[in-house]
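Chemist: The structure that follows is given in the form of C-alpha cells.
Values in this text are rule-based calculations from the coordinates and carry no lab data. Because the structure is predicted, anything quoted here is derived from the model rather than measured.
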C-alpha cells in the first residue's frame, strides 16, 4: 500500500483532525496522558505525577504539562 492510498482512505478523518488542531503524530502522547490521568485518579499530587512521568519518558516537566493541556482540551 502506498502513502497516497492510506491518506486517500483516511481523507475525511485527517481533514477533521486537522480542522480541530490535532496532528497525526499526537498518537505518541497517549501513553503520557493515560499515565497522568491514572496517577491523578489514584490521588497523587500533580507535581509528583509530572516528575514521575518526566523521568519515565525522558522528557521535561514542561513538556508533560504541554501534553496534558493539549490532550485534555475539549474539541
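Chemist: Report, in degrees rounded to the nearest 10, the 0 to 90 angle that the Cα long axis of helix 30-41 makes with the longest principal axis of the chain.
Modeler: Helix 30-41 and the main axis of the chain meet at about 40 degrees.
Chemist: Does anyone have the angle between helix 61-72 and the longest principal axis of the chain? Alpha-carbon axes, 0 to 90°, nearest 10?
Modeler: 50
Chemist: Oh, and also: Counting alpha carbon pairs within less than 8 Å and at least 6 residues apart, what relative contact order, in whole percent, applies to segment 23-75? Mind dumping the intermediate values first?
Modeler: Working: 27 pairs, mean separation 20.3, N = 53.
The normalised contact order for segment 23-75 reaches 38 percent.
Chemist: Oh, and also: Taking the Cα atoms only, what angle lies between the long axis of helix 46-57 and the longest principal axis of the chain, rounded to 10 degrees?
Modeler: Between helix and principal axis, roughly 60 degrees.
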